[in-house]
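Below: one structure, written as C-alpha cells.
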Amino acid sequence: MRSIKFILAFAILSIGVSCKKSESSEKLSTGVLRASTDLCAFLSTPLRSDMYAYDGQQNLQQLQCYGISAIGDTTPEQWYFNSSSTATTNGTTVIQPTSMTGSGRWLFLYKVPAASKRQETYSGSSNASGIYSVTYPVAFASGIVPNIQSSLISGNNKETMVVTSTNTGFSILVQTRNDVVGLLPTYSNVSGRTVQVLITQP
C-alpha cells in the first residue's frame, strides 16, 4: 500500500496531474494524517515551511521548493530525503519532519539556477511602406513583451524608427524627417532601409 501511494505522489509531482478535491485523509508512513487535498497542493508547489509536515516516503526522494513560506520569496531549492540522517535541524539546510523523532531528514542540495532569458537577432529591409516586421517562430508567453533594440544600417540623422512590440512579433516603421522653415516637420516613410534588431526577454 505504501509503495502504491508513493508512485501516485511521484506521478503528481512529475507530470503535474491535477488532484481531485476531497475531504478524506491519507495516512503517511509515520502514521501522520494529512488531508489528501493538502498533500496534492504540497506536491504541486511545495514550500520549505511545508516540509516539516511531510516525511519523505522513500530514501533519496527529491523535491523542489518554490519558496520559504510563500512562492517566490526565495530562489527555488532542490532538497532530498535521507532516511538515515540524524543531523540537527536548522531550517535552512536540514529539516526534520515534526513527526519523526529518530532518523530521517530533508537535506538541502542546491539552489535551482534561473532559466536563461531568450535572446534573438533579426535583420531585414523596410518595405514600400517603410515597415520591417517579424512574426516570431515561437511566440512569447501571454503578457511577456520582449525588449527591442533596433538600429539602421547606413541611415542618416534625420531618419527615425517607430517600434511596436508584442509577444508575437514586432514592427518597425522607418521614416525621414522633412524640415520646413517656420513649420512643424513632416515625416515620410523610407523603403529599402536595412534594420538590425536585438530582442531580449524581460
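The values are calculated or read from the model by the stated rules, or taken from the named source; none is laboratory data. Since we're looking at a predicted model, the values are computed, not measured. In this analysis, Cβ positions are derived from the backbone assuming ideal geometry, glycine residues included, and neighbour counts consider all displayed protein chains.
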**Asked** Checking Leu184 against (1) surrounded by 12 or more Cβ atoms within 10 Å (Cβ to Cβ); (2) more than 25 Å from Pro146 (Cα to Cα), which single condition isn't satisfied?
**Response** (1)
**Item:** Hits in the stretch 46-94 (condition: over 23 Å from the mean Cα position of the chain (by Cα), assigned to a loop (DSSP other than H, G, I, E, B) and not polar (S, T, N, Q))
**Value:** Tyr54, Asp55, Gly56, Leu60, Ala87, Gly91
**Asked** Does the stretch 168-202 hold any residues that are polar (S, T, N, Q) and within 17 Å of Asn127 (Cα to Cα), and which are they?
**Response** Ser171, Gln175, Thr176, Ser188, Asn189, Ser191, Thr194, Gln196
**Item:** Boolean, Thr135 is touching a Gly at 6+ places or on another chain (Cβ under 8 Å), among the β-branched types (Val, Ile, Thr), over 30 Å from Leu60 (Cα atoms) and exposed (fewer than 13 other Cβ atoms within 10 Å of the Cβ)
**Value:** yes
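From Ser103, Ser129, Ser116, Ser99, grab the single residue that is of a type in the set (S, T, N, Q), at pLDDT 90 or above and either more than 17 Å from Gln61 (Cα to Cα) or in contact with a strand residue (DSSP E or B) (Cβ under 9 Å, 6 or more places away or on another chain) (or both). Show your work before the answer.
Working: Ser103 fails: at pLDDT 90 or above; Ser116 fails: at pLDDT 90 or above; Ser99 fails: at pLDDT 90 or above.
Only one candidate qualifies: Ser129.
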**Asked** Out of (1) in a loop (DSSP other than H, G, I, E, B); (2) more than 27 Å from the chain's Cα centre (by Cα); (3) in contact (Cβ under 8 Å) with a residue 40 or more places away in the chain, the odd one out for Gln175 is which?
**Response** (1)
